[in-house]
Every structure is written in C-alpha cells, then in structure tokens.
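Structure first, then comments.
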Amino acid sequence: MNKLYKIFAVAAMILLATGCGIYSFSGTSIAQDVKSITVHTIENKAMQVNPTLSNQLTQSLQDKYRHLTKLDMVTDGGDLDVSGYITSYEVTPTAITSEEVASKNRLTVTVKIVFKNEKYPKENFDKSFAAYQDYDSTSSLDAVQSSLCDQIVETLVEDIFNATVANW
C-alpha cells in the first residue's frame, strides 16, 4: 500500500508540473500564454565572413525551437523575438611549439543576440555568445571549416536556446 501511495504521489507531481506549463521534459520553461516565436536571420557582420554560417545558424535555431517547443514559428510579431548578428569569426593560435610555431589553432565565432519576450519584458536581454573549436595547424582552415562550424553552431544554438526558453 505504501508503494502504491509513493507511485501515485510521484505521478501527481509530474502531472502538476507539466500541466501548469511550468516545466516540460524538453527542459523549457515557457509560460502557457506565450504561443509564438520569431527567429530573424542572424546576419554576418564579422570582418572575416563564412558565407554559409549565417544561414546555418539561423536554420539551426529555428529547428531547435520547432522541435523542442510547442511555439508557432512566425515571420514577424511573435511573443518571443530572437534577432542578432555574428560579430566575430576569427582564427587564433592556441598551442605554440618550442620553435615558436603554432601547433593548434582555434576558430572562434561570437554572436550578439537580442531576445525580447513581449509578454514578460523582464526576461529580455542583449548579450553575446561565443563558441570555439581547436584544430591542428597542419590542416588548412578551408579543409576543416565545415566540420568546425557544425560543432560551433551546435554549441551556440544550445546556449542561445537555454538562455531564451530554458532560463538556465
């Protein structure tokens, strides 16, 4: 009987938490009256431009919201609004050998994001997110750029998603 009571109590807590719109199993905490989101094109304003990065980042962000939330994706006027631009795309040496030559390079991408919550303006923010990947200096950037950008975009999207709807 005690075991049955514990199972019932856990089930009731789960139903209450998910039914109130406070928590979801995708990790989001979106109020029930927030129904839509607009994700604008993330423009590339970096001095060094990767021509596919803007589209890749925008599409990945839109896909993340589509798959992990119940929000309707709208082109303009969403309850939530995500916009921004790529501010930096740069390669820097990270590991220097005894011959003072770089053995590793780091590709870093920085994105400025402006988030607006029309229903709850206290959640609005304007901040930068950065992600990087290291690679051997024996490889050219052109040879590894695609796979590095895939990993960097994945990290940036996760960080932006968490900051906007997971409140982490």
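Bear in mind these aren't lab numbers, they're just calculated from the coordinates by the rules spelled out. Small disclaimer: the values here were computed from a predicted structure and weren't measured. Neighbour counts run over all protein chains shown; Cβ positions are idealised from the backbone, glycine included.
Between Ile96 and Phe125, the FRET efficiency from the beta-carbon distance, with R0 = 45 Å, is close to 0.75.
For Lys104, the residues whose amide H sits under 5 Å from its own are Thr94, Ala95, Ser137, ignoring neighbours fewer than 5 places away on the same chain, with H placed 1.01 Å from N.
Our estimate of slack between Ser88 and Asp142, defined as 0.36 nm per intervening residue step minus the Cα-Cα distance, is 17.7 nm. The count of lysine pairs in region 33-166 whose Cα atoms are under 16 Å apart, excluding pairs fewer than 8 places apart on the same chain, comes to 8.
Between Thr58, Ala163, Ser103, whose Cα lies farthest towards the positive end of the dipole of region 47-168 when Lys and Arg beta carbons carry +1 and Asp and Glu beta carbons carry -1, centred on the Cα centre? Ranked along the dipole, the leading option is Ala163. Secondary structure note: in region 33-166, about 80% of the DSSP beta bridges are antiparallel. Label reach from Met47 (point 7 Å along Cα→C-beta): in region 86-105, amide nitrogens under 12 Å belong to 88-91.
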